[in-house]
Amino acid sequence: MDMSTRLGTLTLPNPVLTASGCAAAGRELHQFFDVAELGAVVTKSIMTRPRSGRPTPRMAETPSGMINSIGLQGPGINSFVENDLAWLAEHGARTVVSIAGGHTDEFVELARRLSGHPAVSMLEVNISCPNVESRGQVFACDAIASSRVIGAVRRAADPAQPVFAKLSPDVTDITHIARACADAGADGFSLINTLLGMVIDTDTMAPALGGVTGGLSGPAIRPVAVRCVWQVRQALPHLPILGMGGIRSGLDALQFVLAGASAVSVGTAVFGDPSAPVRVLAELEQALAERGFASLQDAVGFGHLTAPQRVGRLQPKAAGAAAS
Amino acid sequence: MDMSTRLGTLTLPNPVLTASGCAAAGRELHQFFDVAELGAVVTKSIMTRPRSGRPTPRMAETPSGMINSIGLQGPGINSFVENDLAWLAEHGARTVVSIAGGHTDEFVELARRLSGHPAVSMLEVNISCPNVESRGQVFACDAIASSRVIGAVRRAADPAQPVFAKLSPDVTDITHIARACADAGADGFSLINTLLGMVIDTDTMAPALGGVTGGLSGPAIRPVAVRCVWQVRQALPHLPILGMGGIRSGLDALQFVLAGASAVSVGTAVFGDPSAPVRVLAELEQALAERGFASLQDAVGFGHLTAPQRVGRLQPKAAGAAAS
Amino acid sequence: MSVVQEQAEIFSVTRAGEYFQFTVIAPRIAEGFRPGHFVAVAVGGENSAMGLRRAFAIAGATPTGAFAGTVQFVVAEHGPGTRWLTQRRAGEVVDLVGPLGTPFPLPNGPAPAVLVGGGYGSAPLIPLAHALLAQGSPIEFVLGAATGSRLYGELTAKRTAGQVTVTTDDGSAGERGLVTDVLPAAIERINAEIVYACGPMPMLQAVGNIAQKHAIHAAVAVEEAMACGIGVCMTCVLPVRGDDGRTRLVRSCVEGPVFDAARVRWNDVGHLPADLVGADAMRGH
Amino acid sequence: MSVVQEQAEIFSVTRAGEYFQFTVIAPRIAEGFRPGHFVAVAVGGENSAMGLRRAFAIAGATPTGAFAGTVQFVVAEHGPGTRWLTQRRAGEVVDLVGPLGTPFPLPNGPAPAVLVGGGYGSAPLIPLAHALLAQGSPIEFVLGAATGSRLYGELTAKRTAGQVTVTTDDGSAGERGLVTDVLPAAIERINAEIVYACGPMPMLQAVGNIAQKHAIHAAVAVEEAMACGIGVCMTCVLPVRGDDGRTRLVRSCVEGPVFDAARVRWNDVGHLPADLVGADAMRGH
Ligand SMILES: Cc1cc2nc3c(=O)[nH]c(=O)nc-3n(C[C@H](O)[C@H](O)[C@H](O)COP(=O)(O)OP(=O)(O)OC[C@H]3O[C@@H](n4cnc5c(N)ncnc54)[C@H](O)[C@@H]3O)c2cc1C
Ligand SMILES: Cc1cc2nc3c(=O)[nH]c(=O)nc-3n(C[C@H](O)[C@H](O)[C@H](O)COP(=O)(O)OP(=O)(O)OC[C@H]3O[C@@H](n4cnc5c(N)ncnc54)[C@H](O)[C@@H]3O)c2cc1C
Ligand SMILES: Cc1cc2nc3c(=O)[nH]c(=O)nc-3n(C[C@H](O)[C@H](O)[C@H](O)COP(=O)(O)O)c2cc1C
Ligand SMILES: Cc1cc2nc3c(=O)[nH]c(=O)nc-3n(C[C@H](O)[C@H](O)[C@H](O)COP(=O)(O)O)c2cc1C
Ligand code: FES
Ligand code: FES
């Protein structure tokens, strides 16, 4: 089974990645599996300066999910490059660096700083963060703000590093934001970031999170994520998608692939099962084989095909199974 | 414990209602409990004409939730008034009639038809349906379309029947839509309708629903629902909210009340436990008593209060518990 | 009859081929039971991510006498919900709602009948057979499955009715072939006036066609995905012709699961034929 | 030491007051164990709506000898996850990740120590006591709880250390009062050079204050809500002063759960003091 995939100009040996903020910079997960076995490690969104993040409590469990309000705690780009990126390079991990900023210039500064760095395979631009210049409205909730950031990052970034826009599902029409990012030069999309949610602690009778609201993730949001991938794939079929949101098994990942994702990130599932990414990879490979696919690529977007179009994309079952 | 509540000019003996589309018109649930025991029955959204609804499959289970694509199957307003409304009146149930339409005129026609009907306590305007005059864009996703419908319904409806706008969470800023509806005369809000989601069947490798996408409901969406109630309460504290989305227990209902809901609807939980609404009511009453509230009203929006504001709203624990 | 929710202790779970036979203590459901009814079982326990019940045809109920107040049903392992169920043991408690649905219609007097079961579809036919025999109706069974281990109730059927014809797709038990290959002969053998069937939809349709050719009635029990099982959600609908000749999408959980096969528009399941009542109102949506 | 994931068969579950003592077979975790480590246990089984693990301090591990390869932990029923756990029985399998966290620091040589446990917080102190005694350190226990049934490990502590002082808020066991009422006397009695503590945060802070007054070190194990337990999510942070004197939010799952009480900014837990490293970057967000 050929599991390789392409995200813009980047070719990865397989389509299973970690999700930003759910794997730190790979080091801790390396206790459970070799991070070089993954398609890539997606690092926690980094900003220019060290950030304390939000006050605790920072998480609450919810039915089949959780909400978090970390507030992008991080060491700042310099420490990240010196420590985290160096460690990832040393361990042979392909790395997608997620960058975040409070204004367009911060994103640009980060892209410049990472330009030419051999350990950086791709940039994921986390535009689901508040725009300090726009009363804190999240970039990803506004097509103009999104396209401005993505355009600026694309121009500033290393041409060899694909730039993916990571979009928020908390919008009226995600294809509208996606189109704006595409027009601004996005090489692809990471779909989806968390949904804005909230839990009230019925003991204290106040919001459970220090940050009041937080991001909802986990299997609970998977149907929303699959829908977003489906819609963006339909609207912009030529651009690759890194799909995520509640992936816990190979069949979950397959839903995203069939909906149009060329690769997937495993996020919250890691908290319940630290080796989830490599397990998902093995399960996805087996699921593809059982369904008669000769390669991952044949399955990408397969769910959109009409019956006549499907013919020829599948091998006879037995052959497929044997190939696993 | 005084459990009575007000939704605009309507006073209900208690704050637990069914959710539109999850209780038909009460008849089937009457096998499990007396529908007159509820705050009110909220009926399945009705349109002017009989509707077949969408092709099957119409549902898929998801982690802690489900997606559905019923497509507003219904008998049309005449049959509804003759059969369903008559049955509800006969059984002493207070009734909130949910109305839906493809264009503003249809909503108006429905409101007129229900005007003066003694069995109709309130109208819930389901604007999460496609606007046939706007390429199928959902009314609730557009502030202008929403306010047009709500304004027209408010003018056409019986002044004695409060008009609640039922909003969709699938928007960039739900308070923006809520404000537009409030300006148009909405007497309150029903929050929230389902989230747009999708499941791909990994056996058929095609969308699991006949309608391709569907509405996500159940405990999975509760954090999104609580957040929407919180935001709208904060933005428009003078308007009452009927909260819903994943309520399965009295403590779930309490989250909504603390966030600002004056009443709640129990929807998907009914499918797993047909007597969920009356159980939720009993559990909510007990939870309020345990926390020292003298009445439901004292708890509405309590989660927003600052520590000094909280003082005086609670009775000493023992007294509260005794009052239960 | 009234529908109730009962916390039912599992009296026994036994294997039968690939199936698990449950006997649970649910006296109020047992009391209301008529053949064709089903139960909806909560799965996954407290804190389960599965909020919806699973439907199972009632394979028998004993309102009085030995084992009074018990209800039987048969579970095929399919997905996570049924897997959870098959891991339950005697003494544990499951949460049941029932009896649900519209039962099989019984002829007014004795009338020869053929009972056709596909896989675990034979389960509800066993109590039906008893009811028919009690009326004095001669009956015959036709049981089919993909393979021998997926047959259900062959022995019980033999003990009940004597005449049982078995088919399997792979020939591992009985005759190789489909139930519909042997059904015409069975109908003719006893001059059947009605055929009852439960099993996969294509089988039900084929049984309906054969009955029609013999100009007799076919009462078939369908299986549609159900969210509520009690008639409030409208997920479980099928296109069925009414007395007025017009087709409506009707709820298989309350108006079914037993339907007159001739009234079900089998080829339109999953579609919205233009003549469906209310299909015109769907345009533009 | 390396962290592993193990499918651990439950060897025994026993009640102790309001607590449940688990002994599970997890040889690789037992091998890496040092006092202060914790395990993260998956709860709810397949199809559970609870996706996050629950953390429990390791109350003992037996890498060799009788019961080789076992790990003990103590569970207080709190919410749905712990309720699920307390319903498990011997022979069932639970999924563990461990050993996690930074263990209690041991003095370089013999040093008198007081071990203070609040409620089930005494659990990790039992193996710590063994380690200290093995070093030749004289030790004393102070155990407290709201009420007698919430005391844990009193007998074991007595067998291990001899001197155990017990307090309860309601006076139902030992002296009425708080552990901090009796701690100064215990410190003075054995001329303690270090205090170890595990329990609720206000207790840890108070223990830290008393240690400070006696100019001795206090190593305390905190409990912060954890999503991952392995250091990747940043949910479990506390404001802790570093060697450079600057305060950072550090992960209690990897840099803790054991901290030097004097370095934890207790009153700033749940806040962002302005001098926190990176707090300035939060403005406008
Ligand atoms: C009226 C009726 C009678 C039935 N009688 C029996 C019986 O006697 N024995 C038996 O083994 N099975 C019976 N079934 C089928 C049984 O309900 C499904 O196999 C079961 O719901 C699958 O659940 P799962 O979690 O294992 O599978 P999953 O596929 O994971 O279920 C996911 C969801 O789809 C629904 N679903 C999946 N397959 C079916 C199906 N075939 N029919 C209806 N809903 C489905 C489930 O209820 C659930 O909501 C009956 C179904 C109906 C509607
Ligand atoms: C390092 C560490 C060691 C611990 N040792 C023990 C022990 O030895 N014995 C014991 O009984 N308990 C211990 N706890 C607390 C135990 O983890 C919680 O009681 C348990 O997670 C509650 O889960 P629940 O589902 O029952 O409750 P819920 O309140 O429903 O849990 C909901 C969520 O909040 C988290 N949570 C709730 N309370 C706590 C808490 N006090 N600490 C951390 N997370 C919490 C849960 O992990 C879960 O994610 C320890 C916690 C930590 C962090
Ligand atoms: C604790 C936590 C921290 C996260 N931090 C980030 C982040 O720094 N940057 C980002 O783009 N997404 C972040 N996310 C979102 C995830 O990358 C992912 O988009 C989302 O959680 C959905 O996937 P999942 O359900 O598999 O977790 C975070 C998610 C969680 C749960
Ligand atoms: C099967 C089903 C049908 C529904 N039909 C309607 C409807 O007709 N009108 C409407 O306003 N909402 C409808 N809803 C949405 C519910 O009323 C409710 O807003 C939503 O499901 C969230 O609540 P819950 O999680 O408690 O179900 C439907 C939901 C379900 C699950
Ligand atoms: S399953 Fe809900 S109406 Fe039939
Ligand atoms: S719990 Fe995730 S970093 Fe500590």
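The values are calculated or read from the model by the stated rules, or taken from the named source; none is laboratory data. Just so it is clear, the model here is predicted, and its values are computed rather than measured. Here the Cβ is made from the backbone with ideal geometry for all residues, glycine too, and neighbour counts use every protein chain on show. Note: accessible area is taken over every heavy atom of the protein model, side chains too, but ligands, DNA and RNA are not part of it. Shrake-Rupley method; radii C 1.70, N 1.55, O 1.52, S 1.80 Å.
One table, with the values for the structure above:
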| read-out | value |
| --- | --- |
| Residue check, residue D:253 in contact (Cβ under 8 Å) with a residue 12 or more places away in the chain, over 25 Å from residue A:100 (Cα atoms) and open to solvent by less than 10 Å² (accessible area, probe 1.4 Å) | yes |
| Qualifying position, being within 15 Å of ligand 6 (Cβ to nearest atom), at pLDDT 95 or above and not aromatic (Phe, Trp, Tyr), among D:258, D:220 | D:258 |
| Residue match in segment A:210-225 (condition: in a helix (DSSP H, G or I), more than 10 Å from chain B (Cβ to nearest Cβ), more than 16 Å from ligand 1 (Cβ to nearest atom) and farther than 30 Å from residue A:52 by Cβ) | no |
| Residue match in segment D:203-213 (condition: touching a Ser or Thr at 6+ places or on another chain (Cβ under 7 Å) and either modelled with pLDDT under 95 or more than 24 Å from residue D:259 (Cβ to Cβ) (or both)) | no |
| Filter result for residue D:168 (among the polar types (S, T, N, Q) and open to solvent by 10 Å² or more (accessible area, probe 1.4 Å)) | no |
| Cross-chain or 6+ apart pairs with Cβ under 6 Å, segment C:262-285 first and surrounded by fewer than 17 Cβ atoms within 10 Å (Cβ to Cβ), then part of a loop (DSSP other than H, G, I, E, B) and β-branched (Val, Ile, Thr) | C:270/B:56 |
| In segment B:180-222, the residues that are over 16 Å from the mean Cα position of the chain (by Cα) and within 16 Å of ligand 3 (Cβ to nearest atom) | B:197, B:198, B:199, B:220 |
| Qualifying residue in segment A:187-194 (condition: modelled with pLDDT under 95 and at negative phi) | no |
| Failed condition for residue A:151, given (1) open to solvent by less than 30 Å² (accessible area, probe 1.4 Å); (2) within 23 Å of residue B:171 (Cα to Cα) | (2) |
| Long-range neighbours under 9 Å by Cβ, at least six apart or interchain, first residue free of Cβ contacts under 8 Å to residues at least 40 places away in the same chain within segment C:121-147, second of a type in the set (Lys, Arg) | C:141/C:158 |
| Hey, residue C:97 in contact with a Lys or Arg (Cβ under 7 Å, 6 or more places away or on another chain), away from ligand 3 (no atom under 16 Å from the Cβ) and under 30 Å from residue A:62 (Cβ atoms) or not | yes |
| Scan of segment D:17-42 for residues that are open to solvent by less than 10 Å² (accessible area, probe 1.4 Å) and either in a helix (DSSP H, G or I) or free of Cβ contacts under 8 Å to residues at least 60 places away in the same chain (or both), ordered by number | D:29, D:30, D:41 |
| Residue list for segment A:178-224, filter: open to solvent by less than 10 Å² (accessible area, probe 1.4 Å) and among the β-branched types (Val, Ile, Thr) | A:192, A:200, A:221, A:224 |
| Segment B:234-251, residues that are of a type in the set (S, T, N, Q) and either more than 14 Å from chain A (Cβ to nearest Cβ) or assigned to a loop (DSSP other than H, G, I, E, B) (or both) | B:249 |
| Subset of segment B:111-130 (residues that are open to solvent by less than 20 Å² (accessible area, probe 1.4 Å) and over 26 Å from residue B:196 (Cα atoms)) | B:111, B:114, B:119, B:120, B:122 |
| Qualifying positions in segment B:155-177 - within 14 Å of chain A (Cβ to nearest Cβ) and either surrounded by fewer than 17 Cβ atoms within 10 Å (Cβ to Cβ) or assigned to a loop (DSSP other than H, G, I, E, B) (or both) | B:167, B:168, B:169, B:170, B:171, B:172, B:173, B:176 |
| Failed condition for residue B:79, given (1) more than 14 Å from chain A (Cβ to nearest Cβ); (2) touching a helix residue (DSSP H, G or I) at 6+ places or on another chain (Cβ under 6 Å); (3) surrounded by fewer than 23 Cβ atoms within 10 Å (Cβ to Cβ) | (2) |
| Filtered residues of segment A:48-69 (kept if open to solvent by less than 10 Å² (accessible area, probe 1.4 Å) and more than 11 Å from chain B (Cβ to nearest Cβ)) | A:52, A:53, A:58, A:69 |
| Cβ-Cβ under 7 Å pairs, at least 6 apart or on other chains, segment D:46-75 side at pLDDT 95 or above and among the aliphatic types (A, V, I, L, M), far side within 16 Å of ligand 1 (Cβ to nearest atom) and in a strand (DSSP E or B) | D:49/C:48 |
| Segment A:29-43 - residue that is without any contact (Cβ under 8 Å) to a residue 60 or more places away in the chain and open to solvent by less than 40 Å² (accessible area, probe 1.4 Å) and, of those, farthest from the other protein chains (Cβ to nearest Cβ) | A:36 |
| Residue within segment A:275-296 that is surrounded by 17 or more Cβ atoms within 10 Å (Cβ to Cβ), more than 14 Å from chain D (Cβ to nearest Cβ) and under 30 Å from residue A:183 (Cα atoms) present | yes |
| Test result for residue B:133, farther than 16 Å from residue B:240 by Cβ, at pLDDT below 95, assigned to a helix (DSSP H, G or I) and open to solvent by 10 Å² or more (accessible area, probe 1.4 Å) | yes |
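Every residue, every condition in (1) β-branched (Val, Ile, Thr); (2) more than 16 Å from ligand 2 (Cβ to nearest atom), yes or no:
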site	(1), (2)
B:258	no, yes
B:273	no, yes
B:276	no, yes
B:282	no, yes
B:287	no, no
B:291	no, yes
B:300	yes, yes
B:306	yes, yes
B:311	yes, yes
